[in-house]
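Step one of this worksheet: look at the structure below.
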Amino acid sequence: MSEQGWAEYAEYARRLDEVRAQETARTAGIREGVAEMSDHADELVARLERQRLHMTAFAQKVRFRPPSGAGTPQEGHVEPQTDLSRVAELIDIADREGGEAHNRAIRPNLMPGAGPRLRGVAVFGATMLVLMVVQWIAFARTNNNPDFIMIGVILPLIGFVVSLLVLRFGNQARDRDVRPAEIPTRMGLLMCFGALPVLWGILVLASR
């Protein structure tokens, strides 16, 4: 082999070694990237499983029907890195919304943002107004001579019992482990049975 031929051979061998080294590095990078994505996918699968268990237990606790069946598979081309990031984002959103649902489940059914006393005032107050309207109609239709047992005892008692039932349901939470707030019974009695005296006072003042 001539000296020129040997030089060309050595140059081609050097280039071949460079190409082989570049390909080896590229293949190692691909393997490393695939391993990282595989580990990430395993972490997401574990998070999904924990999330599924927690949400299923929560749904049973608050008497919701948990969703059944598998999700809709994605069609078309799949980009593993992009899709894994999207899955992680959706899991984070589900965790956040699950926390909000749990916070709502431990609050009362009626007026969840209000305290028990304000809720009692609202319910018994509305009942008191209804009683006063009905009592005023009774006065108007009987020329100020109604059946006082009916409008002063039986009707307020019915309103009080209905209000108790509304508050008993309203003070409960969907989470059965949360203890319902106490009902302000004494205040309810005063408001329901005090509707007639208040109305009587208003009528007396209006007649002067």
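Structural remarks
- Applying a threshold of 6 Å to beta carbon distances and a minimum spacing of six or more residues, or different chains, the list of pairs starting in the range 47-59 at a residue that is surrounded by 14 or more Cβ atoms within 10 Å (Cβ to Cβ) and ending at one that is of a type in the set (A, V, I, L, M) reads ARG47/ILE91.
- Residues within the range 19-59 that are more than 20 Å from LEU90 (Cβ to Cβ) and either modelled with pLDDT of 80 or more or touching a Ser or Thr at 6+ places or on another chain (Cβ under 8 Å) (or both), tallied: 1
The values are calculated or read from the model by the stated rules, or taken from the named source; none is laboratory data. Not measured: the values here are computed from a predicted model. We place every Cβ from the backbone using ideal geometry, glycine too, and count neighbours over all the protein chains shown.
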